[in-house]
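The values are calculated or read from the model by the stated rules, or taken from the named source; none is laboratory data. Computed from a prediction, not measured in an experiment: that's the story for all the values here. With ideal geometry, Cβ positions are generated from the backbone for all residues, glycine too; neighbour counts draw on all protein chains shown. Accessible surface is based on the protein model in full, side chains and every heavy atom, while ligands, DNA and RNA are left aside. Shrake-Rupley method; radii C 1.70, N 1.55, O 1.52, S 1.80 Å.
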Amino acid sequence: MTIRKEIINNKLYELSLSKFRSSFHLNKKMKEYTKKKGLVTITKHTYDFINMRLKEKNPINDGKQTPMKQVHPTFIAQHACACCCRSCLEKWHNIPREKELSNNEINYIVELIIEWIKTEIK
């Protein structure tokens, strides 16, 4: 197992211990959507969302940029993984909100989200 995979698995376990984070799940419609689109497309969407909504430092609407409703599987996964806003990224992942996300940080966030989605669609 790679170091990154181990870090992601450990973080998913840690998140599963949070009553709030573990309360998020994909509904049947979101699972079907994910299976229909495929993980390659969902991963592309996730990169797009993270770059659009979280990449910048100190976003003006921090804490409000990620919908909580069943709109897209990535949004639900972002809440489950504490990757929904820069405040949660700082608290749960030690990624400071006062700096722009690096490509490495974006890759980590996307990998974490996709791993969570994979567990949901099994």
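Overview of results
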item	result
Out of I76, I106, I95, sole residue that is closer than 20 Å to R4 by Cβ and under 12 Å from the mean Cα position of the chain (by Cα)	I106
Members of the range 66-94 that are over 15 Å from L54 (Cα atoms) and either of a type in the set (D, E) or modelled with pLDDT under 95 (or both)	M68, K69, Q70, V71
Those residues of the range 1-44 which are surrounded by fewer than 12 Cβ atoms within 10 Å (Cβ to Cβ), within 18 Å of E105 (Cβ to Cβ) and of a type in the set (A, V, I, L, M, F, W, C), in sequence order	I3
Those residues of the range 97-122 which are assigned to a loop (DSSP other than H, G, I, E, B), open to solvent by less than 50 Å² (accessible area, probe 1.4 Å) and in contact (Cβ under 8 Å) with a residue 24 or more places away in the chain, in sequence order	L101
